[in-house]
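Notes for the one structure printed next.
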Amino acid sequence: SAVISQKPSRDICQRGTSLTIQCQVDSQVTMMFWYRQQPGQSLTLIATANQGSEATYESGFVIDKFPISRPNLTFSTLTVSNMSPEDSSIYLCSTRGSDYTFGSGTRLTVV
Amino acid sequence: AQKITQTQPGMFVQEKEAVTLDCTYDTSDQSYGLFWYKQPSSGEMIFLIYQGSYDEQNATEGRYSLNFQKARKSANLVISASQLGDSAMYFCAMREGYSTLTFGKGTMLLVSP
């Protein structure tokens, strides 16, 4: 299985600011996925990121709020823009191989 | 309708005992996959076990086994000889075709000494 390094592991941010989360994979992967997990909830897919094309967003998520970059087959970033306390969540990236591997998660608190 | 249903918000088990975490799923696809993940308080998602819809035998990985009953659309996780370190949130998930994963709401497992 691929190994994903996700940074930062946690952050506390002021409302109105933006945070960029990075995921680095140790092998080339076609698709990467970004999930949000609100407190006490399950994982919800934000978007699917393919290299060389715009990300595909799920219902309820928009590019202006969650811009995603996928510059190559081993790297992706998710930005949480103009943050509010409602954005406080764990954000996880994932890839699909023989199983679905996840990064270690970013625990975001917006104050 | 929910694709993945986990009806147990919380489960308690004593150390060294076995525990079953329930998962039922809903799909009309013939080809699908079922996954179980463990999420400790640190937040990472740890892959435990996978069962493909065409697999005839139940999957096993060490102390984890998946009780796959296709006709009943259930994929229960069995943890044998529970350990204190098994205390965590457990998520059942399904992949339909080549799509992404859909997760259940999770079950919090607490293992007591």
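Structural remarks
- Within the stretch A:90-111, considering residues that are within 25 Å of A:S1 (Cβ to Cβ) and not in a strand (DSSP E or B), the one farthest from the other protein chains (Cβ to nearest Cβ): A:G97
- Residue match in the stretch A:66-77 (condition: of a type in the set (G, A, S), exposed (fewer than 13 other Cβ atoms within 10 Å of the Cβ) and out of contact with any helix residue (DSSP H, G or I) (no Cβ under 9 Å at 6 or more places or on another chain)): no
- Sole residue being at pLDDT 95 or above and acidic (D, E), chosen from B:D26, B:D55: B:D26
- Answer from B:T5, B:T27 - the residue that is within 14 Å of chain A (Cβ to nearest Cβ), closer than 16 Å to B:C92 by Cα and touching a residue at least 60 places away in the same chain (Cβ under 8 Å): B:T5
- Lone qualifier among A:G60, A:G52 - being under 18 Å from A:M83 (Cβ atoms), surrounded by fewer than 15 Cβ atoms within 10 Å (Cβ to Cβ) and without any contact (Cβ under 8 Å) to a residue 40 or more places away in the chain: A:G60
- On the stretch given as the stretch B:33-43, residues that are surrounded by fewer than 18 Cβ atoms within 10 Å (Cβ to Cβ) and either farther than 25 Å from A:G105 by Cα or in contact with a Gly (Cβ under 8 Å, 6 or more places away or on another chain) (or both) total 1.
- In the stretch B:61-113, residue nearest to the other protein chains (Cβ to nearest Cβ) [restricted to those that are more than 14 Å from B:M11 (Cα to Cα), surrounded by 15 or more Cβ atoms within 10 Å (Cβ to Cβ) and hydroxyl-bearing (S, T, Y)]: B:T100
- Residues of the stretch A:51-89 satisfying the condition of being more than 14 Å from chain B (Cβ to nearest Cβ) and hydroxyl-bearing (S, T, Y): A:S53, A:S69, A:T74, A:S76, A:T77, A:T79, A:S81, A:S84
- Test: residue in the stretch B:35-45 that is among the aliphatic types (A, V, I, L, M) and part of a strand (DSSP E or B): no
- Criterion (more than 30 Å from B:G33 (Cβ to Cβ), modelled with pLDDT of 95 or more and touching a Leu at 6+ places or on another chain (Cβ under 8 Å)) met by exactly one of A:T79, A:T109, A:T17: A:T79
- Candidate set: the stretch A:17-39, residues that are touching a Lys or Arg at 6+ places or on another chain (Cβ under 9 Å) and among the β-branched types (V, I, T); chosen: the one surrounded by the fewest Cβ atoms within 10 Å (Cβ to Cβ): A:T30
- Test: B:G10 is within 14 Å of chain A (Cβ to nearest Cβ), within 25 Å of A:S88 (Cα to Cα) and not polar (S, T, N, Q): yes
The values are calculated or read from the model by the stated rules, or taken from the named source; none is laboratory data. Note that the coordinates shown come from a computational prediction; the quantities given were computed from them, not determined experimentally. So basically every Cβ, Gly included, is an ideal-geometry build from the backbone, and we count neighbours across all protein chains shown.
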